[in-house]
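Novice: Here it is, the structure in full.
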């Protein structure tokens, strides 16, 4: 076989004939006398063994590169034309070479022309329907195929689902930016205040029952305003039960005394729970909406019922004919004086906010001015009373009003801030609603009632 392929003379022939299919294949020379690898004609020194100490000399290829870098680019370009094959195909002009010496690494680039985008035809105006009809998405369906309740957005900016607000709110002030509101309309507020005071005094002169009618009307209006605003804020309280309970509490207090008040609150809570128990699902929001209902019952109904308890003093016999009416008149005069004095002093010299996140306009100076005004009016009115007839009782009464009236005002302002509203109502021009006018009174009434029970100034 070897003789057939390489010849009979045993010469080292590098060709092999594979017949008609592959032809003659020629192999390279098997001469391996020379080095396996060749690096051109440059004479390089053999690298020292790794065990020998370093000489500190620069390798020859680095020396050559360093010397080339120090030479001008023009000389290098003249000697070696590496760009001769990279010319413009049409003109033959040679492109400028790239500086390889490291002196500059900046490349000249050209900015492409801006791309013109087609302009939109027409404009979309918020509040209009460009299609000519309003298209509302279909309500989503759950796994069973039934439609779920859509999420609504309330006036306060909070989404609601199932009659309750969904999601939280940032701390601090509300998330709705409102336009600045002007100050109080003093002429209108003064006229409305004088009219209410005249009606109150006329009822006092008539009978305690007439005063009680005014109290029930004021509390009923305040409860209606509260449930209206809190419903618009996204809650779903049981408004009917809440309003009836708020009116019933002071009525039974005047009729039967303080022992009947817990009974009204208990029935109101049971009725509220029964309504939610009879609901279809937990989507009715039993916890937040029951809480909203009970807040009104405690704040307006329970605290307002102490007006009925105070007026009840005048029904206990002829010896106590003026005890309740005198006390309630002094309370009203002191609260009104506190509000007016705090407003004017705070507007004139108020600098230090009382609780800025609740009401930036209420100041510490205003509270001090309101306290001084309360003491003055309580003493002046008390001097005409046969019920509160000592200087010590006047001071204690004025002190209680000066503390509780600003606290009641701040509480109502805090609720309004949380609901993102300015006033609970607009019934009383210049004053807002009934709840805005009598908010301070709600906190003062129970404190004065228990003060009178303890010190009994009429004894």
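Novice: Hey, could you check region 342-384 for residues that are farther than 20 Å from residue 404 by Cβ and assigned to a loop (DSSP other than H, G, I, E, B) and say which is nearest to the chain's Cα centre (by Cα)?
Specialist: If we take residues in region 342-384 being farther than 20 Å from residue 404 by Cβ and assigned to a loop (DSSP other than H, G, I, E, B), then 357 is nearest to the chain's Cα centre (by Cα).
Novice: Now a separate question. Could you tell me which numbered condition residue 400 fails, if it satisfies all but one of (1) under 19 Å from residue 304 (Cα atoms); (2) at pLDDT below 90?
Specialist: (2)
Novice: Does residue 310 satisfy the criteria of being at pLDDT 95 or above and more than 26 Å from residue 459 (Cα to Cα)?
Specialist: no
Novice: Turning to a different aspect of this structure: If residue 285 passes every condition in (1) within 38 Å of the chain's Cα centre (by Cα); (2) at negative phi but one, which one does it miss?
Specialist: Residue 285 satisfies every listed condition except (2).
Novice: Please enumerate the residues belonging to region 277-301 that are surrounded by fewer than 22 Cβ atoms within 10 Å (Cβ to Cβ), touching a helix residue (DSSP H, G or I) at 6+ places or on another chain (Cβ under 7 Å) and within 26 Å of residue 255 (Cβ to Cβ).
Specialist: 294
Novice: Could we say that residue 368 is crowded, with 16+ Cβ neighbours inside 10 Å and within 28 Å of residue 216 (Cα to Cα) here?
Specialist: Considered against the rule, which asks whether it is crowded, with 16+ Cβ neighbours inside 10 Å and within 28 Å of residue 216 (Cα to Cα), residue 368 comes out as no.
Novice: Given the structure, is residue 453 farther than 14 Å from residue 336 by Cβ, free of Cβ contacts under 8 Å to residues at least 24 places away in the same chain and assigned to a helix (DSSP H, G or I)?
Specialist: The answer is yes for residue 453.
Novice: Report, by residue number, each residue of region 385-401 that is in a helix (DSSP H, G or I) and either over 21 Å from residue 445 (Cβ atoms) or in contact with a strand residue (DSSP E or B) (Cβ under 9 Å, 6 or more places away or on another chain) (or both).
Specialist: Across region 385-401, the qualifying residues are 391, 392.
Novice: Continuing with the same structure: Among the residues of region 256-276, are any more than 24 Å from residue 413 (Cα to Cα), touching a helix residue (DSSP H, G or I) at 6+ places or on another chain (Cβ under 7 Å), free of Cβ contacts under 8 Å to residues at least 12 places away in the same chain and surrounded by 17 or more Cβ atoms within 10 Å (Cβ to Cβ)?
Specialist: Yes, because at least one residue in region 256-276 is more than 24 Å from residue 413 (Cα to Cα), touching a helix residue (DSSP H, G or I) at 6+ places or on another chain (Cβ under 7 Å), free of Cβ contacts under 8 Å to residues at least 12 places away in the same chain and surrounded by 17 or more Cβ atoms within 10 Å (Cβ to Cβ).
Novice: Turning to a different aspect of this structure: Condition first: surrounded by fewer than 16 Cβ atoms within 10 Å (Cβ to Cβ) and touching a residue at least 60 places away in the same chain (Cβ under 8 Å). Can you find one or more residues in region 191-199 that meet it?
Specialist: yes
Novice: Additional query: Against the definition (modelled with pLDDT of 95 or more and under 30 Å from the mean Cα position of the chain (by Cα)), how does residue 405 come out, yes or no?
Specialist: yes
Novice: Hand me the list of helices (runs of 4 or more DSSP H) wholly inside region 239-341 holding 2 or more residues that are under 18 Å from residue 450 (Cβ atoms) and touching a strand residue (DSSP E or B) at 6+ places or on another chain (Cβ under 9 Å).
Specialist: Output list is empty.
Novice: Could you identify the single residue in 247, 264 that is more than 34 Å from the chain's Cα centre (by Cα) and closer than 20 Å to residue 427 by Cβ?
Specialist: That would be 247, the only listed residue that is more than 34 Å from the chain's Cα centre (by Cα) and closer than 20 Å to residue 427 by Cβ.
The values are calculated or read from the model by the stated rules, or taken from the named source; none is laboratory data. As the structure is a prediction and not an experimental result, all values here were calculated from the model. Neighbour counts are summed over all protein chains in view; Cβ atoms, including those assigned to glycine, are modelled from backbone coordinates with ideal geometry.
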